[in-house]
Structure formats: C-alpha cells, structure tokens
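Visitor: A single structure is presented below for examination.
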Amino acid sequence: MNRRVLYTVIIIALVVETTGLVWLYLKYKDLNDKCKYATWNIATKSMRYLKSKIELLLYLSENNPDTHLMGLTARNAAEHSLIAARVLYALYANGVEKSENTYVLHVALSNMEVYFSSFANNPDSKRITLLRENKELLEEAIFILGEIVLTYQWNPDDVPYSLVSRLHEISEQLQTY
C-alpha cells in the first residue's frame, strides 16, 4: 500500500511540475520574440547611423577632405559598426533562426569597425585616397545597409543570405587596403 501511495504522490508531483513548466513556457514564449525584435531594432538603428556616416565620409572625401572632421566621422562609423556587430552577436548567441545570416552580418560589421577605426586613428591624406578608391565598395555597402534597414527592419529572419554575404565580401575587401 505504501508503494502505491508513493507512486501516486510522485505522479501527482510530476504532473504539477509539468503543468508549471508548460505554463511558464506559454507565458514567456512571446517574451523571447519581443526581446529578439527589440534587439534587432537596436542593430538596425546602428546600421542606419552607420549608413549615414559612410555617406558623410564619401561626401567629405570629395568636397571637404578635412582630416579632423573625417576622423571624427570615421570614429562614429566605427562605433555604430561595433554596436550593431555586438548586438547581432547577442542575437546569434541566443539561437535566432537563420543564425548563419546573423553571424555573417556580425562578422561583416566587425570588419567594417576595424576599417573605420583604422581610418579614425590616422585620418591622413593616404587614407583619404584609399577611401576614395573604395568609393564603389562603400556605395554598395550603403545600398545593402539601406536595404536591410528599410526592407527587413521588422524581422531579421527574412534578410536574404545574398545581401549578408555580399556585405561580408565588401567588408573583407576593405580590409585588404
């Protein structure tokens, strides 16, 4: 008789535990999605600022190559690249769907952070010349960042791998100069 009571208590405890876990899952399931989209929103905001800083750098390189102002703008571009890269890595590390896209985008923005930090640390005429030589690559990066920010601002899972991989290629080509 004692075994039967013990088994009944164990079964009741397991049912209560399972019910509690199901309730917690249902209660907090949407929280994960809300956190994912809030985090993606931070990343897209930084990518939007990065896009505008690259546009400003290209404009300055053609119209007003003031090394101090360009250095400050490059520093700002580097900071926004870094913020977006770190936020994307947080999304990747927490198991976002299509995490390969998220990781490759993180790497591309990390590479861009290195490129712009290098420029910001030494904004001399040689680097301005290299920036001008990279104009086509940077304009393509501007287009891709704009596409990601405008078209896919609500869902990181929808960003096509072709855009992400092309931005990654561009970021690697910037590193070779």
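Visitor: Filter segment 106-147 for residues that are assigned to a helix (DSSP H, G or I), farther than 27 Å from Ala43 by Cβ and not basic (Lys, Arg) and give the result.
Guide: Ser125, Ile128, Thr129, Leu130, Glu133
Visitor: List every residue pair whose Cβ atoms sit under 6 Å apart, with the two residues 6 or more apart in sequence or on different chains, where the first one lies in segment 149-170 and is buried (at least 18 other Cβ atoms within 10 Å of the Cβ) and the second, anywhere, is among the hydroxyl-bearing types (Ser, Thr, Tyr) and outside any helix (DSSP H, G or I).
Guide: Val159/Tyr152
Visitor: State whether the residues of segment 39-47 include one that is modelled with pLDDT of 95 or more, within 20 Å of Val149 (Cβ to Cβ) and either of a type outside the set (Ser, Thr, Tyr) or not in a helix (DSSP H, G or I) (or both).
Guide: Yes, there is a match, as at least one residue in segment 39-47 is modelled with pLDDT of 95 or more, within 20 Å of Val149 (Cβ to Cβ) and either of a type outside the set (Ser, Thr, Tyr) or not in a helix (DSSP H, G or I) (or both).
Visitor: What's the number of the condition Lys126 fails, among (1) touching a residue at least 40 places away in the same chain (Cβ under 8 Å); (2) out of contact with any Lys or Arg (no Cβ under 6 Å at 6 or more places or on another chain)?
Guide: (1)
Visitor: Considering Ser162, Ser110, Ser125, which residue is touching a helix residue (DSSP H, G or I) at 6+ places or on another chain (Cβ under 6 Å) and of a type in the set (S, T, N, Q)?
Guide: Details: Ser162 fails: touching a helix residue (DSSP H, G or I) at 6+ places or on another chain (Cβ under 6 Å); Ser125 fails: touching a helix residue (DSSP H, G or I) at 6+ places or on another chain (Cβ under 6 Å).
Result: Ser110 is the single residue among Ser162, Ser110, Ser125 that is touching a helix residue (DSSP H, G or I) at 6+ places or on another chain (Cβ under 6 Å) and of a type in the set (S, T, N, Q).
Visitor: Could you list, in sequence order, all residues of segment 148-163 that are more than 15 Å from Arg48 (Cα to Cα) and either among the charged types (D, E, K, R) or not in a loop (DSSP other than H, G, I, E, B) (or both)?
Guide: Asp157, Asp158, Tyr161, Ser162, Leu163, listed by residue number.
Visitor: Keeping to segment 79-105, report how many residues are at pLDDT 95 or above and not in a helix (DSSP H, G or I).
Guide: Matching residues across segment 79-105 total 0.
Visitor: Select from segment 131-162 the residues that are at pLDDT below 90 and either among the polar types (S, T, N, Q) or in contact with a strand residue (DSSP E or B) (Cβ under 9 Å, 6 or more places away or on another chain) (or both) and list them in ascending order.
Guide: Within segment 131-162, Gln153, Asn155 meet the criteria.
Visitor: Scan Met70, Met112 and give me the residue that is under 18 Å from Arg48 (Cβ atoms) and either buried (at least 18 other Cβ atoms within 10 Å of the Cβ) or free of Cβ contacts under 8 Å to residues at least 60 places away in the same chain (or both).
Guide: Values: Met70 fails: under 18 Å from Arg48 (Cβ atoms).
Going through Met70, Met112 in turn, just one is under 18 Å from Arg48 (Cβ atoms) and either buried (at least 18 other Cβ atoms within 10 Å of the Cβ) or free of Cβ contacts under 8 Å to residues at least 60 places away in the same chain (or both): Met112.
The values are calculated or read from the model by the stated rules, or taken from the named source; none is laboratory data. Just so it is clear, the structure is predicted and the values come from calculations on it, not from any experiment. Virtual Cβ from ideal backbone geometry, glycine too; neighbours counted across all protein chains shown.
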